[in-house]
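Undergrad: Okay, handing you the structure first.
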Amino acid sequence: MRKTLLALAAAIGLLFATTPAANAYEPVNIVHTERVQVGPYGMTVGFSTWPLRAMQSLDFTFIPDDGIAGKSGTLAFVDPESGRQSRAQPLAKHPRKLEVWGLDIRALQTQGSWTFRFALDGPAGKGTGELRDLAVLEQPGPPMAVSWSISLIPLIVLAVLITIAWRRTKARLRGDGVPATG
């Protein structure tokens, strides 16, 4: 009993000792930036991955030259395939870099030349601006149809095995549902 309690206490101790490391989050690493003028405000747009690829998750940061204090803004994306603008969404603090605006783990769905449209409002007035011709390359890896096909193979094998086992079990039963003997 004493050894069991000691082992339990050691396991709980290890659990609490490793919790802070598990709760830590990776900082946002900006590897490329672009400049955009949004009315009277200069802004730096940061990317955590470069070059950009379709359907690849990354972090975006939006940093006005004199900070985000006292300002508000919106962002809309223009899809290169359809040319349609997404609904403007408010710029919010990045969840892992609270001193700037940003998007956490976001992916651009199609390749092509994207446009980001900004609208800012602050002490110097309102302003709009665009980051144009943001090149997004094709999706990394195989096409989605191939990826899904490969990932479904284990499910298909499992379904076949279950069907075979069910048929063998059914064949061993007599007509009244009682298992056959020897």
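Taken together, the values in this text are just the output of simple stated rules run on the coordinates, not laboratory data. These numbers come from a predicted model, not from an experiment. Cβ sites come from the backbone with ideal geometry, for glycine too, and all protein chains shown count toward neighbours.
Undergrad: For the chain, calculate the relative contact order in percent as a whole number, restricting contacts to Cα pairs under 8 Å that are 6 or more residues apart.
TA: 19 percent
Undergrad: With r as the distance between the Cβ atoms of Thr44 and Glu81 and R0 = 22 Å, compute the FRET efficiency 1/(1 + (r/R0)^6) and round to 0.05.
TA: FRET efficiency, Glu81 to Thr44: 0.20.
Undergrad: Same structure again: Could you work out how much longer the chain between Val146 and Thr169 gets when fully extended? Use 0.36 nm per residue separation minus the Cα distance between them, nm to one decimal.
TA: In short, 4.8 nm is gained.
Undergrad: May I ask for the angle, rounded to the nearest 10°, between helix 144-172 and the longest principal axis of the chain, with both axes built from Cα atoms and the value confined to 0 to 90°?
TA: Relative to the chain, helix 144-172 is tipped by roughly 20 degrees.
Undergrad: Under Stokes-Einstein, with the Kirkwood radius over Cα pairs standing in for Rh, what whole-number D in µm²/s applies to the chain at 37 °C and 0.692 mPa s?
TA: It comes out at roughly 153 µm²/s.
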